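J.: What follows is a single structure, and I will ask about it in a moment.
The values are calculated or read from the model by the stated rules, or taken from the named source; none is laboratory data. Because the structure is predicted, anything quoted here is derived from the model rather than measured. FYI the Cβ positions are ideal-geometry reconstructions off the backbone, even for glycines, and counts take in every protein chain you see.
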Amino acid sequence: MWSDVLRIIYQHPDAYWAAYEVSERLRRIEINFQSWRFHHGKPSKRIIGSKLGTGAPLGVKFLRSVLDITFFPGVLEVRGAIGR
């Protein structure tokens, strides 16, 4: 359902500019947070190595696993499907 709505928004951004702009801002939040996760994981790996961390019992393995978690998968999926 949401993907259908997002597809329409991305196919006609001029007609749905406000919704398009919000979707793009959500995408930007996603990218910035993923970048933060990555850059947080690298020093953590150097500092704590394979020891357990404070964020989860898996330490660095946990930090690596959260890189696959997305907040707004529909936006990324639709953008990829229509080539934006």
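J.: Within segment 52-61, identify whether any single residue is surrounded by 11 or more Cβ atoms within 10 Å (Cβ to Cβ) and either part of a helix (DSSP H, G or I) or modelled with pLDDT of 80 or more (or both), and answer yes or no.
T.: Filtering segment 52-61 for residues surrounded by 11 or more Cβ atoms within 10 Å (Cβ to Cβ) gives 52-53, 55-56, 58-61.
Keeping just the survivors that are either part of a helix (DSSP H, G or I) or modelled with pLDDT of 80 or more (or both) gives 60-61.
Yes, segment 52-61 contains at least one residue that is surrounded by 11 or more Cβ atoms within 10 Å (Cβ to Cβ) and either part of a helix (DSSP H, G or I) or modelled with pLDDT of 80 or more (or both).
J.: Something else now. So, of the residues in segment 62-84 that are within 14 Å of the chain's Cα centre (by Cα) and outside any helix (DSSP H, G or I), which turns out to be farthest from SER35 (Cα to Cα)?
T.: PHE72
J.: Could you tell me which residue of segment 1-38 is modelled with the lowest pLDDT, considering only residues that are surrounded by 12 or more Cβ atoms within 10 Å (Cβ to Cβ), hydroxyl-bearing (Ser, Thr, Tyr) and within 22 Å of ILE69 (Cα to Cα)?
T.: SER3
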